Amino acid sequence: MSQRKIVTTCTRDCPNSCGLIATVEDGRLVKLSGDPAHPLTGGVACHKTAKYIKRVYSAERITHPLRKVDGRWRRATWDEVLDLVADKLKSVVAESGPEAVLYYQGYGERTALKLLNKYFFNLLGGATTMRGSLCGGAGQGAQNLDFGERVSHDPLDHFNSKSMILWARNPVSTNISLVKIAKDIKKRGGRVVVIDPARSMSVNIATHHVRPKPGRDGCLAMAAAKLILEAGAEDRDFIENRAEGWAEYKAILDSFSVPELCALAGVPVTDAELLADTLMNQFPTSILLGWGLHRHEYAHYAIRPIDALGGIAGILGVSGGGVSQGFEEYGPYDQAWWGDHLHPDHRTLLIPRVGEEILSARDPEIRMIVVTAGNPVCMAPNADRILQGFNKAEMVVYSGHFMDDTAELADIFLPATTFLEEDDLMASYGHNFVGPVNRAIEPVGETKSEFQMFQELAARFPFALQYQRSADDWLRIICTPLWDQGTDLESVRKGPFRLEAPMVPYADGVFPTESGRFRFMTEFDPAALQREDPEYPYKLLTIAPHGYICSERTLAEHDALPTVVLNTAEAHRGGVLDGGHVVVRSPYGRLMALLKVDEAMRSDVLITERGGWNKAGHGFNLLTRDIPSIVGQGTPFYETRVTVEPCPQDGIIGSRVLVVQNSSQSPGGNFTKELARQGCLLTAILPTQGDPIPENADGYDRLVVLGGPQHAFDDQASPHFPALMRLMREFDRTGKPVAGICLGCQLLARAHGGAVWTLPELEFGFVRHALTGAGEQDPVLGQAGPVPPLMEFHEDSFDLPEGAELLVRGDSCANQCFKVGKASYGFQFHLEMDSLTADEWFDEFQRGDIDTYAQYRSQFTDEFFADTRSRFPLLIQQSADFCRNVAKNWLRLK
Ligand code: SF4
């Protein structure tokens, strides 16, 4: 076995940009761990890195180009898709001008070479691009007003802090380098205060948790500032000699009392006292701003008073102090290579209103959209409008890894490499180091880097010679500001380089404003923060998940329904139950979710995780408002107000489904997830682990019996079978629909008198099937769309019971799906299969690890496994679509 260790850098949309060591054995990535040599991130990397390995080899990952033909994805060659894209770009530019093309560059990865993507569209003539931000625009705009230019303390300087205020920052989930610093401060006796309306994971490492009303943080900062002034502990030198606008800001402060400000902020006065005391008596305090602060229309009313509090408390320009927010990830490069100077007036669309802006664009209209490293249909607000905008385009080209919400709308899918398969450089928006991105493994399948895609696309245009260079040549060109600082490409390839940047910004007391002084906010309208709507009493906070970044989870990794968290008393008042189904409604849309209650939660918010896919039923951006922030063109996601209502418990919603799981390795997958998404209440039992089989169908409306490796005819080995078959008959007798899958299908046949017997060979893999005449007429199968190849994994088959109708026939094993009795359906194939189970079964069966089936392993060659795996993404997607339709139709059975 050969083993290699490669130094690289995490390029995910995360401020930590950790130095990583990738361990590769026999060409396969087996481990990602923190690089101990990285001066900031040290040997630490977050728990998400294990998921990256799974993502690279995920059965859902699209690893060859696809094009849509007649609404269905088909595999294509690179030449085919690049020709199609180039031809369409040429015809749209010739007919309507370059601005009829929209280039949407997402935030998914912001490496050095990705700078050149936009250059391509500028060479094309100046396509329409995006302006504004889905993330930090409002805060950056606000800090630029105060400081002239936002510059943050080097995170290593926080080791000099005596206390720390994590203001809407959640380092445990999104910035782990700060965790060790916070712990160090605590160890030295300092306070670590988390200010966050939600109870983030970082509360666990804090000494205090303050929970203001969302968006009212500025009022809390003003209250603390007043207390410092009342104590005479303000930094007079800063106020008088380093700042401007003090008289106006003081007048704002004077127009409120501390209790009034605390009431506005929704906190007790003791919280403001805690902050003031920390800033006065645990000096210096570092204040770190998080991204939740940006997500308000008047975000500057939150951030500017916090900056001002820093000035009043004397922590600006002081080691261990500062009000820090972020860094410029494109700062170390020569941004002229974006090529914007070629078309300085080219059209831009406002990202917080991307759907509306696409739809209303005129002269020219948007005819073609190219998306890289982004999933706007899921991640941007008012998803329904974005969907309409994308649907209006004649061609959508998507480059990425998975068939997410945006990819689903595309016509061309360009499969991209991950950073583990690329050579590049990575700067950070969370610190001052530029790290190497060194290829750890060969690109999986036919994937290509965005750099390579655009190089090959450019070869089809007259500007090819201007654009085509090797990656190293381009890095040597676009990173000249970096080389001017005394390093070179070869050195950065070996490890991170610290940019020339101050450890402590503004240490000389001079700010890059016109006057050289800090600028206090001079106007404040509290009414702007106090808009309420009794019909929608909760602010919806879609916070960063702990386990994933943005929308990067795969379809199979989504739970059946998203979870929302509400204050216990509010839940009681609204008549919604802990663990129950609820409908979350905003003026823009509605979504079903599971409710969790929390006594410690503020009563005016509803909290959930962001990034879940619309197609998985987790699309909270179907509910969000699409307005820009007043400052900085950010996206005020948290200006969405919602109400939470009980699900109407009638018909399908509230239908009680008993799920009998015959093996822990045969979960209900897409079938039971779809039932839950339609509002069914599922009760699962595992008889093999001692759960009793109910005597009758009382208390349930439907029954699902899943698969397992047992023989359906072997009651001795599975003594629960007779009772289970009796129950299946009982459900049918009382007119309650039954679905049996694989083993469940064989048991259904046997329950109604059909014999079960062993096949001469194992049937395994994705197999083609056809509807019978009866199947075409059947309300469950006939309306479910064409039957795609479906996963098989069984050694037994059965005779059809008397009176049963065969609905789907297979070539080698005929009886694949039948209906018997009043409403009982048997599915021999695994229509419920999702990518996680497919991956596991293929892996284990290929290795011969599943004892029950080891004898059949020699039936299948390694080529069979490799070929099927290369087709996994489409096979699994088609199977999932079919399963969803079958489940919905089965639910309609009365
Ligand atoms: S996601 Fe963030 S914390 Fe985790 S490894 Fe990547 S950069 Fe580090």
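The values are calculated or read from the model by the stated rules, or taken from the named source; none is laboratory data. It should be emphasised that the depicted structure is a prediction, and the values quoted were computed from it without experimental measurement. Neighbour counts are summed over all protein chains in view; Cβ atoms, including those assigned to glycine, are modelled from backbone coordinates with ideal geometry. Ligands, DNA and RNA are stripped out before the accessible areas are found, and what is left, the full protein with its side chains, is counted by its heavy atoms. Shrake-Rupley method; radii C 1.70, N 1.55, O 1.52, S 1.80 Å.
Here are some notes:
- Mean residue ellipticity (222 nm) of the chain, computed from DSSP H runs ≥ 4 via -39,500 (n - 2.57), nearest 500: -8500 deg cm²/dmol
- Residue ranges 126-139, 358-371, 489-502 sort as 126-139, 358-371, 489-502 when ordered by packing (mean number of other C-beta atoms within 10 Å per residue, highest first).
- Those residues of region 306-348 whose amide nitrogen sits under 13 Å from the label point placed on Ile477, 7 Å along Cα→Cβ: 334-339
- For the peptides 26-38, 819-831, the ranking by mean Cβ contacts within 10 Å, running from highest to lowest, is 819-831, 26-38.
- Peptides 427-434, 302-309 ranked from most to least packed, by the mean per-residue count of other Cβ atoms within 10 Å: 302-309, 427-434.
- Between the Cα long axis of helix 269-281 and the first principal axis of the chain there is an angle of about 60°, rounded to the nearest 10.
- The length gained by stretching the chain between Arg585 and Asn281 to full extension, at 0.36 nm per residue less their Cα-Cα distance, is 104.9 nm.
- Solvent-accessible heavy-atom area per residue, rounded to whole Å², over the chain at 1.4 Å: 36 Å²
- Taking the DSSP beta bridges with both ends in the chain, the antiparallel portion is around 50 percent.
- Computed E for Glu805/Arg857 - FRET, C-beta separation, R0 30 angstrom, nearest 0.05: 0.30
- For Asn662, the residues 5 or more places off, or on other chains, whose built amide H falls under 5 Å of its own are Leu706, Gly707.
- Full extension of the chain between Leu489 and Ala37 gives 160.9 nm of extra length, using 0.36 nm per residue less the Cα-Cα distance.
- Cα centre as origin, Lys/Arg/Asp/Glu Cβ charges: the chain dipole, Debye: 780 debye
- The simple spin-label model puts a point 7 Å past each Cα toward its Cβ; for Arg498 and Thr758 those points are separated by 6.9 nm.
- In the chain, the longest principal axis of the Cα atoms and the axis of helix 78-96 are about 60 degrees apart.
- Contour minus Cα-Cα distance for Glu394 and Asp363 (0.36 nm per residue): 9.6 nm
- Remark: relative contact order (the chain) = 13 percent; criterion is Cα-Cα distance under 8 angstrom and separation of 6 or more residues.
- Accessible carbon and sulfur surface of the chain relative to its total accessible area, %, 1.4 Å: 49 percent
- Nonlocal amide H pairs with Gly400, under 5 Å, H built at 1.01 Å: Leu414, Ala416
- Theoretical FRET efficiency, 1/(1+(r/R0)^6), r = Cβ-Cβ of Ser470 and Arg4, R0 25 Å, to 0.05: 0.65
- Each 10 Å bin, from zero up to the one with the longest distance, holds this percent of the alpha carbon pairs of region 528-646: 13, 45, 33, 8, 0.
- Rounded tilt (10° steps) of 383-392 against the dominant C-alpha axis of the chain: 70 degrees
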